[in-house]
């Protein structure tokens with residue numbers, strides 16, 4: 001199997017639309033080839049490759065719709081898929097929020113496909129893994145992790161004349177190193193759309209350094225601390241905010257962005273002036289899909305500009321009901337930063353805590369976006385601008401709203417390992433970050 005071309009996706013869409021007998025048809029096609037290699041105890045544990053072709057047909061008749069998914073690409077199979085979707089649509093309950101298909105769109109020019117990444121196979125996976133394990137073996141650490149890559153094409157077409165096609169590649173690796181006495185753990189990862197941008201040795205060295213530094217952690221008292229959050233930790237909290245950037249929930253008084261008395265807080269200074277959060281599918285180093293799941297074009301969008309809330313995502317239904325423009329949910333988040341290195345940020349903190357990443361993150365209170373989780377794989381006390389000792393992991397209870405209001409300094413933005421979205425954020429120094437309890441987990 002080779003990746004479905006634009007011409008082939010158009011032919012499948014055309015054949016499905018030809019079989020239409022109801023008001024509207026939308027076709028979504030995903031063609032994907034991927035591979036992975038898992039390693040543990042400093043040796044390869046499992047490797048494999050998968051190929052996937054999925055065709056989804058959504059049929060709409062009046063206020064009723066239904067979706068059927070299969071892997072049919074021949075005319076007879078597509079007719080059967082469309083017929084099944086249409087039959088189910090006629091039986092589906094009415095949905096007063098059903099919207100007509102998205103009309104033809106103009107998309108940003110995006111290049112997210114890398115030839116070398118598309119050709120990756122077992123040899124390239126093992127080469128990256130060797131680079132990771134070479135560092136772990138030299139440092140006498142136990143290593144586990146994963147190398148994965150993907151070549152994907154997504155196409156969307158409908159009976160309103162829309163057609164969109166976007167090919168992309170991605171390669172990612174993650175590594176956890178443990179000290180052999182079981183007291184220290186370090187982690188690092190990388191994700192890019194180009195194989196050449198991945199420095200496996202640098203990732204391994206970072207994980208190994210964190211593991212060595214984190215040996216024999218000591219407890220600290222829970223409370224409010226100045227923290228240095230590395231990019232992975234920033235992203236894990238920021239995504240809670242991203243999911244909450246919704247106009248309908250704000251208009252209905254169900255979100256942190258609802259204005260007392262009605263309306264939204266768009267236009268208000270809610271965050272530190274250093275905070276600018278945006279989406280840009282055409283970013284040269286960090287591209288992402290130029291269209292949403294229904295085919296709407298994803299433009300360059302500024303969500304927060306120098307601390308001021310500028311935009312909330314708005315569904316087509318809510319936009320029509322409210323008389324405002326529709327703003328689709330983004331496929332990327334870019335939080336602007338500075339040119340400062342992590343070392344410079346640490347040097348600027350007299351006393352605080354350095355966090356490598358969070359895990360087991362959960363939402364506690366949607367209206368304030370209060371979340372909880374645990375630090376992991378390297379938590380350190382800072383004194384006098386230096387790492388002074390390893391400390392036990394801590395549970396946090398904090399909101400990204402508070403995080404973005406209490407910024408003291410920002411570092412250099414980096415892409416982090418988040419699947420499904422392109423997330424680029426800097427290391428962040430934050431004041432008054434709340435830790436509620438200790439954890440004995442390493």
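None of the figures in this text is laboratory data; all of them are computed from the coordinates on show. This one's a predicted model, so the numbers in the text were calculated from it and none came from an experiment. A quick note on method: Cβ atoms are made from the backbone with ideal geometry, for glycine too, and the neighbour counts reach across all protein chains shown.
Of 214, 168, 315, the residue with the greatest mean-square motion in the GNM of the chain, using alpha carbon springs below 10 Å, is 315. In summary, the convex hull built on the alpha carbon positions of segment 254-332 has an orientation-averaged projected area of 6.1 nm². When both segment 259-282 and segment 1-46 are represented by their alpha-carbon centers, they are found 36 Å apart.
Look at where the Cα atoms of segment 305-326 and of segment 351-372 average out, and the two centres are 27 Å apart. Panel order for 149, 272, 166, by other beta carbons found within 10 Å of each beta carbon, from fewest to most: 272, 166, 149.
Each part reduced to its alpha carbon centroid, segment 85-104 and segment 212-243 end up 45 Å apart.
Within the listed set 209, 252, 230, the Gaussian network model of the chain (springs between alpha-carbon atoms below 10 Å) gives the highest mean-square fluctuation for 252. Taking mean projected area of the Cα convex hull in nm² as calculated from this structure, the corresponding entry among (i) 27.5; (ii) 22.2; (iii) 24.6 is (ii). Size check on segment 217-442: the Cα extents along the three principal axes, sorted descending, read 56, 40, 30 Å. Approximating the spin labels as points 7 Å out from Cα along Cα→Cβ, the residue 436-to-residue 69 distance works out to 3.4 nm.
Among 99, 428, 175, the residue with the largest mean-square fluctuation in a Gaussian network model of the chain, with springs joining Cα atoms closer than 10 Å, is 99. Counting only alpha carbon atoms, the long axis of helix 122-138 and the longest principal axis of the chain meet at about 10°. Measure nothing fancy, just the Cα-based angle from helix 200-213's long axis to the longest principal axis of the chain, in degrees from 0 to 90, nearest 10. The angle comes out near 40 degrees. Assuming R0 = 45 Å, what is the FRET efficiency of residue 87 and residue 339, from their Cβ-Cβ distance, to the nearest 0.05? Result of the calculation: an efficiency of 0.15. The angle between the Cα long axis of helix 75-91 and the longest principal axis of the Cα atoms of the chain comes to about 90 degrees, rounded to the nearest 10.
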